[in-house]
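Please read the structure below before turning to the comments.
The values are calculated or read from the model by the stated rules, or taken from the named source; none is laboratory data. All values derive from a computational prediction rather than experimental measurement. Cβ sites come from the backbone with ideal geometry, for glycine too, and all protein chains shown count toward neighbours.
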Amino acid sequence: MKNTEIIKKNYEIRKVIKYGKFYGGHYLDFFIMPNKKKKNHICVIVTKKTGNSVIRNRIKRKLRENYRLLEEKISLGYSIVILWRKTVEGENATFYNIKNDFYYILKKANLLK
């Protein structure tokens, strides 16, 4: 991911969730907040209630890959926290369902170029 940095600090994630704008989809919740840099900052969160570590890591890989495919179309200068909804079962998470939800939310947030 060329123009993206990973958010790792807990206080940075809480700041984006508290002050960022919320966008919800069927599978995902996005919290988006502008930052003053020329790069996007991203964080992917999947809770333990979703399933065991194998399922959680599989979902995270699919989310990161969907972001990577859309990265060139996303506007720069935003901090994005992607939160997997715990009400959705991990086994139902196909790559294309996530892709459609991802595209829908980014379009709703006006982040696509």
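Key figures for this structure:
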| quantity | calculated |
| --- | --- |
| Of all residues making up the stretch 1-21, the number that are part of a strand (DSSP E or B) and either under 21 Å from I98 (Cα atoms) or of a type in the set (S, T, N, Q) (or both) | 3 |
| Residue selected from the stretch 74-87 under the condition modelled with pLDDT under 95 and of a type in the set (S, T, Y), by the criterion surrounded by the fewest Cβ atoms within 10 Å (Cβ to Cβ) | T87 |
| Residues satisfying the stated conditions in the stretch 22-73, i.e. buried (at least 19 other Cβ atoms within 10 Å of the Cβ), β-branched (V, I, T) and not in a helix (DSSP H, G or I) | I32, I42, V44, V46 |
| Index of the failed condition, Y96 passing every other in (1) among the aromatic types (F, W, Y); (2) in contact (Cβ under 8 Å) with a residue 40 or more places away in the chain; (3) surrounded by fewer than 20 Cβ atoms within 10 Å (Cβ to Cβ) | (2) |
| Residue count for the stretch 74-113, restricted to those that are part of a loop (DSSP other than H, G, I, E, B) and closer than 18 Å to I32 by Cβ | 8 |
| Qualifying positions in the stretch 18-30 - more than 12 Å from the chain's Cα centre (by Cα) and either farther than 11 Å from S79 by Cβ or in contact (Cβ under 8 Å) with a residue 24 or more places away in the chain (or both) | K18, G20, K21, H26 |
| Filter pass, K86 being in contact (Cβ under 8 Å) with a residue 24 or more places away in the chain, basic (K, R) and farther than 19 Å from L112 by Cα | yes |
